[in-house]
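Here is the structure we will look at.
The values are calculated or read from the model by the stated rules, or taken from the named source; none is laboratory data. Keep in mind the model is a prediction, meaning the values are calculated, not measured. Methodologically, a virtual Cβ is constructed for each residue, glycine included, from the backbone with ideal geometry; neighbour enumeration extends over all protein chains shown. In case anyone asks, the SASA skips ligands and DNA or RNA and just uses the protein heavy atoms, side chains included. Shrake-Rupley method; radii C 1.70, N 1.55, O 1.52, S 1.80 Å.
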Amino acid sequence: MLIGNESMINLSKEKCTGCGACNNVCPNDSIKMVADKEGFLYPLVNAESCSLCGLCQTSCPVLNREGYKRDVAPKAYASWSLNDEVRLSSTSGGIFTELARSVILQGGYVAGARYNKAHLAEHYIIGSEDDIALLRQSKYVQSAIGVVFKDIKKLLDKGAPVMFVGSPCECGGLLSFLGRPYDSLLLCDFICRGANSPKAYLKYLESLKLQYGSDIKRVWFKNKINGWNKFCTKIEFENGSEYYADRYKDLFMRGYLKYNLYMRSSCYRCSFKGFPRQSDITLADFWGVELKDKSVDTDKGTSLVIINSEKGQRHFDELGDRVFKEENSLEAALPFNQCAVSSVGIGEKREYFFSEIDRTDFEVLISKIKETEK
């Protein structure tokens, strides 16, 4: 980031979320998102073309944190799609798919994260029901926003319904970029633990490619082959081989969930926790869910749906008999979803990980970190 003028975007790495609002709002295309040595994108200002308009500052969701007055108190539901194919193919209960389908059938568009050819995550806009699968499932790597915010504004200004799904800071970035509310925008966030480094993620994939002697065909985190509660990582290779490992054995998930090694610096001090949320709907896994009828199978995937606004309630109600839903309490959900309200601590070996990752195989490096526990 270029430092030296108060009209230019200037955030420390401990604060910048990489949401891309500044890049999208710049009228001169003077801001580019550039990867640092850890693989995270940060804004870089071209001082020669910058007009010092200050829009990058006013569009930054971190610099413009204001309280959001909501028209309803948050409501929590346990829910899932009654289409078993949708439910089993989704990370949780398939509610994202049902909401996306509803918006598209109204002539609208959906923006969310998809995998690109390199298996990295990027935000992308769809307008066809056939493309919903591209945006389905969790991607455990930070998504590149690109110029999606600008494209969303064009659609909204034409009167088109748009559903945006992203992390809380990405939702905050879109709101700050737009500068005003749009009734036709449905904003959905998710309970986020933290955004992982694209560099670390690619090193993980490279390690597996060497082990299996093949390029990767598909990455599928939280696969339900062993059920929702025991989610595993599944990776399909071009040579027909398949890799499976549960959350305790997969080294990427261990580095993320156990050692807190490679999340973005701002994620360890996240500014977007708690309530009220900026989104209309918050989606998550409803871990520890208890239904009134305990014989109902929750292990195919159960979504926690938190309704944050009247607009969110209206969209959720429109799903009708396509979904199972049972109102629950937010108090019952939060003990199993603490990342809704608090950040995780920075890993003790994070600095060591990034000092070694360019010269050490990912599996070897995580194994060395595991050995320090003994």
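Looking only at segment 171-190, count how many residues are open to solvent by 30 Å² or more (accessible area, probe 1.4 Å) and in contact (Cβ under 8 Å) with a residue 40 or more places away in the chain.
Number satisfying all stated conditions: 5.
Taking N83 as the residue in question, decide whether it is over 22 Å from the mean Cα position of the chain (by Cα) and under 30 Å from G320 (Cα atoms). Can you show your working first?
Working: over 22 Å from the mean Cα position of the chain (by Cα): yes; under 30 Å from G320 (Cα atoms): yes.
Yes.
So if I check each of L208, L156, L202, which one is among the aliphatic types (A, V, I, L, M), open to solvent by 40 Å² or more (accessible area, probe 1.4 Å) and in a helix (DSSP H, G or I)?
Every option except L202 fails the conditions.
Please go through segment 48-107 and give me each residue that is β-branched (V, I, T) and open to solvent by less than 60 Å² (accessible area, probe 1.4 Å), ordered by number.
Correct list: V62, V72, V86, T91, I95, T97, V103, I104.
What tally of residues in segment 220-261 results from selecting those that are aromatic (F, W, Y), open to solvent by less than 10 Å² (accessible area, probe 1.4 Å) and within 21 Å of L304 (Cα to Cα)?
2
Search segment 5-24 for residues being closer than 20 Å to S143 by Cβ and open to solvent by 30 Å² or more (accessible area, probe 1.4 Å), and hand back the single one that is modelled with the highest pLDDT.
Filtering segment 5-24 for residues that are closer than 20 Å to S143 by Cβ and open to solvent by 30 Å² or more (accessible area, probe 1.4 Å), the one modelled with the highest pLDDT comes out as K15.
Could you tell me which of the residues I132, I104 is over 22 Å from W228 (Cα atoms) and of a type outside the set (S, T, N, Q)?
Of I132, I104, the one residue that is over 22 Å from W228 (Cα atoms) and of a type outside the set (S, T, N, Q) is I104.
What are the residues in segment 217-244 that are within 22 Å of the chain's Cα centre (by Cα) and among the aliphatic types (A, V, I, L, M), if any?
Once the filter is applied, which keeps residues that are within 22 Å of the chain's Cα centre (by Cα) and among the aliphatic types (A, V, I, L, M), segment 217-244 yields V219, I235.
Just checking, which of V296, V323, V305 is within 20 Å of the chain's Cα centre (by Cα) and over 20 Å from A195 (Cα atoms)?
Matching residue, one of V296, V323, V305: V305.
Among the residues of segment 134-149, are any open to solvent by less than 30 Å² (accessible area, probe 1.4 Å) and more than 21 Å from the chain's Cα centre (by Cα)? Walk me through it before giving the result.
Taking segment 134-149 first, the residues open to solvent by less than 30 Å² (accessible area, probe 1.4 Å) are 135, 141-143, 145, 148-149.
Going one step further and asking which of them are more than 21 Å from the chain's Cα centre (by Cα), we end up with none.
The answer is no; no qualifying residue exists.
Considering only segment 333-364, state which residues are open to solvent by 40 Å² or more (accessible area, probe 1.4 Å), outside any loop (DSSP other than H, G, I, E, B), farther than 21 Å from Y201 by Cα and touching a residue at least 24 places away in the same chain (Cβ under 8 Å).
Answer for segment 333-364, where residues must be open to solvent by 40 Å² or more (accessible area, probe 1.4 Å), outside any loop (DSSP other than H, G, I, E, B), farther than 21 Å from Y201 by Cα and touching a residue at least 24 places away in the same chain (Cβ under 8 Å): P335, F336.
Could you list all residues from segment 111-147 that are closer than 20 Å to F177 by Cβ and hydroxyl-bearing (S, T, Y)?
Within segment 111-147, Y124, S143 qualify.
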